[in-house]
């Protein structure tokens, strides 16, 4: 048995250990309560609070607040810990509420007064919220206490006013600071303010007037990033060329700038020239390929990353991008290898990674594996894994299960978004459940206050079309808000007409749609189904006269880890003769 002092020392050592997980902390906390160390021992209580907000597994805000509220007389350090935690969290407004509580308590406790570390966190919260009125009140409070003169507060005020669109106020503070109190961060704050406000010429002038001693690598990187974000990639490259010294972030910033401007080939040239690539370098380029509809290049670069002599561990962003590339290609075996890599390396499967895995498996038809991943995710799940699981079930023909999962999602208190309802309505449309689709559309608008968009209306049109209610579908389309009536809506209707052979409705839709070559093919087929060969030929002739070509069919298959792409009419594939021979054999066996 440990004595009270020994137990106290042991708890403090464990709280400072990098090996202590949040789960182990709960056991430590229980021992502290059982042995009256918490909350009676203020020092131990503050160390417990500090551990929870800075845990490697991520801050547990609710638990941290419960610990904080049990500390009898929190000092300035404890208040600052909670204010900082909320200012950096998705709930920055809570830090302002805590500050009001701190002010009220500080009138009775000398050791609970705000200090120079309190205000920068609060100003950051105001900046994130664009809460200029609260920021101005805080500024006035700081002036009254003489707390607006240190460099941290000045920098925070400059950032806050710039983020709230008060760039002139930022400049006044900046000019007033040029009396020896400014530092490199002050200059960078003003430069970022100009760049974030789109005032790139003023940023350029300020940069040129900046003393060389203040121009660190970060400053040059700020300028490169600012210019590229506003499409001024040539000016960004000029800044890059002028730099006396570069680091890997400099190269990454320029590379990402080219990606933003859609210049993937140039971005790749920059990537190839980076002296010492880090995880961000690889991840940014792989993500660029994935988001630029070049999944094969993304996977090829990931292979190169794994084989690199200076191997860099893929980060979560890299993994998500690779999984997305596998999803685009239907390369489920490749995706499974990435999943195995995640599990072998005990990488954290958060909502983003989990959603990417579910999406990859569901779109590859592995709905059972997708469901297994979904169930394994830590609770509470946010809206994204729920949404992608519902959509995956719907797309794989499990409509009842998709709707059941939606109701389970509602019961857990997770609020659906517009994409969730696309999945729900898609389940209804695939099943031809028109009444259910209408009910969920009403739920979307009346209960959740979400305005339907083109995809939602398209699901209703598809549901009506699947059950042959084509005239009703036309009436529904014409009653839609005009901004959501587009070619895809009419194309959906024509697709249903081709199934039922309805010439009248297809002709009506065709008059409102003339951009898709596939529509003319469908209409031609409808005429042919009804024996109207002249009109069928006329539809094809219209395609030819307008220079419209049918988009060739495309498919892909993964064999032994390699993805093979095929296009309708393709003759250049290496084993095309083997393929046609197999088709001949299959046709012979069918006959």
Report relative contact order for the range 75-137 in percent, whole number only (criteria: Cα-Cα under 8 Å, sequence separation at least 6). 37
Rounded to the nearest 0.05, what FRET efficiency is calculated for residue 33 and residue 341 with R0 set to 45 Å and r the Cβ-Cβ distance? 0.65
Hey, quick one: spin label on residue 176, modelled 7 Å out along Cα-Cβ, who in the range 193-236 has an amide N within reach, i.e. under 19 Å? 193-194
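Multiply the residue separation of residue 478 and residue 382 by 0.36 nm, subtract the distance between their alpha-carbon atoms, and state the gained length in nm to one decimal.
Answer, rounded to one decimal: 30.9 nm.
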Arranged by the count of other C-beta atoms within 10 angstrom, fewest first, what order do 322, 494 take? 494, 322
Could you check the spin-label model distance between residue 580 and residue 105? Points 7 Å from the Cα along Cα→Cβ, value in nm. 8.1
If you take the Cα Rg of the chain and divide it by 2.2 N^0.38 Å, with N the number of residues, what do you get? 1.22
Find the centroid of the Cα atoms in the range 66-140 and in the range 144-217, then give the distance between the two in whole Å. 23
Ranked packing of 184-191, 286-293, most packed first, by mean Cβ within 10 Å: 184-191, 286-293
If you count, for each residue, the other Cβ atoms within 10 Å and average over each peptide, how do 72-82, 113-123 line up from highest to lowest? 113-123, 72-82
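Do you know the relative contact order of the chain, to the nearest whole percent, from alpha carbon pairs under 8 angstrom that are 6+ apart?
5
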Determine, from the Cβ-Cβ distance of residue 333 and residue 66 and an R0 of 56 Å, the FRET efficiency 1/(1 + (r/R0)^6), rounded to the nearest 0.05. 0.75
Value of relative contact order over the range 365-492, rounded to a whole percent, pairs C-alpha under 8 Å and six or more apart: 19
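At 0.36 nm per residue, and after removing the present C-alpha to C-alpha distance, how many nm does the segment from residue 241 to residue 208 gain when stretched out fully?
10.4 nm
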Return the whole-Å distance between the Cα centroid of the range 426-487 and the Cα centroid of the range 220-242. 47
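Values quoted throughout were computed directly from the atomic coordinates according to the rules given, and no laboratory measurement underlies them. This one's a predicted model, so the numbers in the text were calculated from it and none came from an experiment. Every residue, glycine as well, gets a Cβ built from its backbone with ideal geometry; the counts of neighbours run over all protein chains shown.
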